[in-house]
1. May I ask for the equivalent-ellipsoid semi-axes of the stretch 143-213, computed as the square root of five times each C-alpha gyration tensor eigenvalue and listed largest first in whole Å?
2. Residues of the stretch 211-239 with amide nitrogen under 12 Å from the 7 Å Cα-to-Cβ point of K135?
3. Nearest 0.05, what FRET efficiency do V84 and E186 give at R0 = 41 Å with Cβ-Cβ as r?
4. Could you order peptides 136-142, 106-112 by the average number of other Cβ atoms within 10 Å of their residues, highest first?
5. Would you grab the residues whose amide H sits under 5 Å from the one on Y221? Only those 5+ places off in sequence or on another chain, please, with H modelled 1.01 Å from N.
6. On alpha carbon coordinates alone, what is the Rg over Rh value for the chain, Rh being the Kirkwood radius?
7. So what are the ³J(HN,Hα) numbers for the stretch 260-276, from phi and the Karplus equation (6.51, -1.76, 1.60; θ = phi - 60°), rounded to whole Hz, Gly and Pro as x?
8. Return the ratio Rg/(2.2 N^0.38 Å) for the stretch 99-218, where Rg is computed over Cα atoms only.
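Every number here is computed from the coordinates shown, using simple stated rules; none is lab data. Keep in mind the model is a prediction, meaning the values are calculated, not measured. Here Cβ is always computed from backbone atoms with ideal geometry, including for glycine, and neighbour counts include all displayed protein chains.
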Amino acid sequence: MIFLKKFLLKFSPILVVGIISFGCEFPRNVSINVSQKQKPIVLTTFTVLADMARNVAGQRITINSITKQGAEIHGYKPTPSDLVRASRADLIVENGFGLELWAKEFVLSLGDVPTVVLSKGIKPLLIEGDLYSGKPNPHVWMSPLRAMQYVDRLTEAFIKLDPEGKDVFTSNSLVYKAKLKALDDELNSSLSLIPKEKRVLVTCEGAFSYLASDYGLEEAYLWPVNAESQVTPKRMVNLINKIKTNKIPAIFCESTVSSKAQREVAKSSGSKFGGVFYVDSLSGPYGPAPTLLELQRHNVRLIVNGLTLKEGEN
Ligand SMILES: [Zn+2]
């Protein structure tokens with residue numbers, strides 16, 4: 001019987017809640033000690049932040065993402081099991097800048113689980129166009145240089161959570177920031193291969209503002225933010241005209257939304273559909289974007305391949 005209870009406490013959070021609420025003699029902190037095994041648990045709102053957090057945390061903290069790979073993260077609807085998991089976490093990591101429309105209510109319902117908002121203190125680029133006009137563009141991690149500020153926020157938060165790990169977190173953070181700086185150099189030299197007049201990046205969501213601003217690209221998109229990912233005839237016609245006027249050889253869409261409308265835009269404008277970007281989610285471990293660094297390399301490879309196509313090439 002004792003073995004069974006231990007098994008349930010370890011492997012079934014829902015049953016644990018059930019046992020506790022039906023008056024089991026085990027006090028609540030027993031289940032927490034058994035399942036945590038001393039390591040703090042940190043949950044991030046999406047997979048890209050989980051990867052960044054793991055780079056800083058090393059082996060000292062268990063990091064998981066609330067949303068799964070491939071999920072649409074702006075308008076995500078948390079499940080009861082997300083709430084159970086999050087209520088046992090020691091820290092929730094959010095992006096902020098209005099990215100996670102669901103996070104405020106979610107965090108409030110958890111009670112006293114602390115949170116850290118990674119975009120806090122960063123100067124935002126603003127969304128242009130339609131309903132979200134003038135609001136911060138939340139996709140700051142898409143700039144390797146600005147992503148370093150997320151790394152600083154994570155490092156501060158982890159030191160607060162686990163003060164004995166300070167040296168490990170500080171050293172991991174320096175290593176990771178050096179990788180982001182090297183990535184910045186790499187993206188700079190790759191993107192410089194695109195002729196100046198072809199540097200227009202056409203995507204589904206306007207998620208590339210930070211990347212476009214850092215590397216001298218012009219941005220055009222089907223909708224400004226996935227939170228209102230509406231394809232209207234007017235938006236499609238405007239985009240088709242822009243592509244035709246600038247003779248843009250390839251256009252793109254992101255993995256967490258349907259690319260159907262963008263493929264139609266490609267057909268109507270005589271442009272090529274240049275592939276699927278990863279932005280709001282990583283791919284699986286064997287996909288093209290298992291980490292933030294690989295995500296950036298994958299996207300930039302598609303951009304350079306697509307925008308350096310000569311007329312008539314496929
Ligand atoms: Zn997005």
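1. Values: eigenvalues 219, 40, 7 Å².
Each semi-axis is √(5λ); the values are 33, 14, 6 Å.
2. Hits in the stretch 211-239 for K135 at 12 Å: 224-229.
3. Working: r = 41 Å, r/R0 = 1.00.
Result of the calculation: an efficiency of 0.50.
4. Values: 136-142: 23.9, 106-112: 12.3.
Averaged packing, sorted descending, gives the order 136-142, 106-112.
5. Close amide H contacts, sequence-distant or interchain: T203.
6. Values: Rg = 21.8 Å, Rh = 21.1 Å.
Rg/Rh for the chain comes to 1.03.
7. 4, 4, 5, 5, 5, 4, 4, 4, 6, 9, x, 8, 9, 6, x, x, 9
8. Dividing the Cα Rg of the stretch 99-218 by 2.2 N^0.38 Å gives 1.28.
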